[in-house]
Each structure stands twice: as C-alpha cells, then as structure tokens.
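What follows is a set of notes on a single structure, which appears directly below.
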Amino acid sequence: MTPRRAHRPGLAVLGGSFNPPHVGHLRLAVEAREALGDLISRVDLVPSAHPPHKKNQHLLPFELRAAMLEAAAQPLPWLRCNRLESLREGPSYTWDTLRAYHAAEPGTKLYFLLGSPDFALLPTWHHGLELPALCDFVVVPRGEQNAEEFMDTARALWPQAQAHPPLLPGSVCMALPGGGLAHFLPLPWLAVSASRIRELWLAGRSVEYLMPEAALALLQTYRRTALEHWRGDRTC
Ligand code: ATP
C-alpha cells in the first residue's frame, strides 16, 4: 500500500536536544521522509532551547547546535532546522512548539517523529497525553521492541486507543483519543547516541562517521566550547 495522498501536504517534526546532532538523527529524517512520501513536503529538525528532561549544564549553546543542524540539513532540500524554540523563555515544551506550528501554518498536518523510549515517556511530558490532538506520532523502535509491545504501550498510555488500518507501508497503526494516529515504523536504529559522542569527545577519541561531516567540521571549529560545556565547566 502506498501512503494516502493528503489534501494538503503535512510536515514531519523531529525534536531533540541534538547535543550534538548525529547520523542516527539524520537517518531517521531520511527514512521518515521516504516512508511518509506524499503525506509530507518537508522534515523539520527542531532543536530544544531549554530541554525539560535534560541537564542544561552539559548542553552546547543553542546557536552551535542549530548551526550544526543547518549544516547537516543543507544538502537536502526537504530538510531544514527550525529555531522556533529559541524564541520562547522557559522549558521548551513540545506542546507549545506544535501549537506554534499550527498557528504559523494552519491546516498543515504534523507528524512528530520519536524513538520508542521517548514514546513510552509521554506521560512525563507537559500535556504529553494530549499531544494526539496536535499531531500523529511516527514511532521508531529502539532495540528489540516489536509491534505487539508498541500496541501494549499505546493502550497503557491511552486505554481508549484502538487498532487502525496502517497508512504507511510496513507500519502498525493505533488511533488515539484526541484524533491523532500513532504509526509504528520498524526502521533500523543506528547504534549511535549524543551521549556516546560526548563521552568519546571528552576522552579525546575520534567521532568521525558518527556525525554528519559538515556538523563535525563546525564542532571541531568550536572544540574548546564543546569541551567546556560537555565537561560541565560552563553553562548556557
Ligand atoms: P542523548 O544521548 O544525549 O540522550 P540522543 O542521541 O538520544 O541524546 P536526542 O537529541 O535526545 O538524541 O534525540 C532526538 C530524537 O532522536 C529522539 O526522538 C530520539 O529518540 C531520536 N534518536 C536518538 N538517537 C537515535 C538513533 N540512533 N536512531 C534513531 N533515532 C534516534
């Protein structure tokens, strides 16, 4: 089955701290672009200005994280970095970000991309269980999680969740209260994380091929900033 053509193309949003961006993030964007097909016209990478769930003292400055994302996205016309979270004070809640998207682009359907560990943690997010009123989720499994486990998680989070015919090839779909769907898309999860890159960097080891080349070149230019922030000597 090919993705159903939407009346108006939507857009996919990948939010994160991107501290730093890595090839796992970029591959997720590429795979989601292909899987969503005509349903979307672009994928936005949205760096969190003040991540509610992460320790800010080890966070690189927003400008550097956004510049690395822009450099990584540059070769792909459908991919961009959106800096909208830097415009708000206080914790960067996805709830506020998606509402800002709806205000800026009324009628555009939003697909929020996230890994299965983050999906399971939605009850800890600000208005996390109400997010299906604002978006569909596209959930990618980390590790061994299978479709049954995804459905169990969805039912545990929303007891009214119901199986729905899949819209994306190879996916499993649940209809959630609030109107959104959760699409479980079994894509390969690359064994890379921002934490691992920070550890390697602090140990003076190479992070070649774990990050997009252009993003790594920027990080190397600001190597002292990276060292100070990741060591915890400086805060943003
Ligand atoms: P950290 O190691 O600092 O916790 P991270 O590598 O998980 O960071 P984030 O910026 O927190 O990166 O992730 C942003 C989004 O990308 C999240 O939805 C996360 O689940 C997803 N993600 C992270 N790593 C991968 C990966 N290797 N493959 C696919 N998706 C990923």
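The values are calculated or read from the model by the stated rules, or taken from the named source; none is laboratory data. Computed from a predicted model, the values in this text were never measured in an experiment. Neighbour counts run over all protein chains shown; Cβ positions are idealised from the backbone, glycine included. Each accessible area value is taken on the protein alone, full model and side chains, heavy atoms only, with ligands, DNA and RNA left out. Shrake-Rupley method; radii C 1.70, N 1.55, O 1.52, S 1.80 Å.
Some notes on this structure:
- Scanning the stretch 155-171 for residues that are within 21 Å of the chain's Cα centre (by Cα) and within 13 Å of ASP136 (Cβ to Cβ), we see that the one that is farthest from the ligand (Cβ to nearest atom) is LEU167.
- Lone unmet requirement of (1) assigned to a helix (DSSP H, G or I); (2) within 26 Å of HIS127 (Cα to Cα); (3) within 16 Å of the ligand (Cβ to nearest atom); (4) not aliphatic (A, V, I, L, M) for TRP230: (2)
- Some residue of the stretch 87-108 being modelled with pLDDT of 95 or more, crowded, with 22+ Cβ neighbours inside 10 Å and not in a helix (DSSP H, G or I): no
- Taking the numbered list (1) within 16 Å of the ligand (Cβ to nearest atom); (2) in a loop (DSSP other than H, G, I, E, B); (3) among the acidic types (Asp, Glu) in turn, GLU208 passes all entries but (1).
- Scoring ALA182 on the criteria (1) without any contact (Cβ under 8 Å) to a residue 12 or more places away in the chain; (2) part of a strand (DSSP E or B) leaves a single failure, condition (1).
- Restricting the stretch 118-154 to residues that are away from the ligand (no atom under 12 Å from the Cβ), open to solvent by 60 Å² or more (accessible area, probe 1.4 Å) and assigned to a loop (DSSP other than H, G, I, E, B) leaves a set whose member that is farthest from TRP95 (Cα to Cα) is GLU144.
- So PRO188, is it open to solvent by 50 Å² or more (accessible area, probe 1.4 Å), in a loop (DSSP other than H, G, I, E, B) and closer than 24 Å to GLY16 by Cα: yes
- From the options LEU210, LEU181, LEU168, residue that is open to solvent by less than 70 Å² (accessible area, probe 1.4 Å), of a type outside the set (Val, Ile, Thr) and more than 24 Å from HIS102 (Cα to Cα): LEU210
- Considered as a group, the residues in the stretch 26-54 that are away from the ligand (no atom under 11 Å from the Cβ) and assigned to a loop (DSSP other than H, G, I, E, B) include one that is nearest to THR124 (Cα to Cα), and that residue is PRO52.
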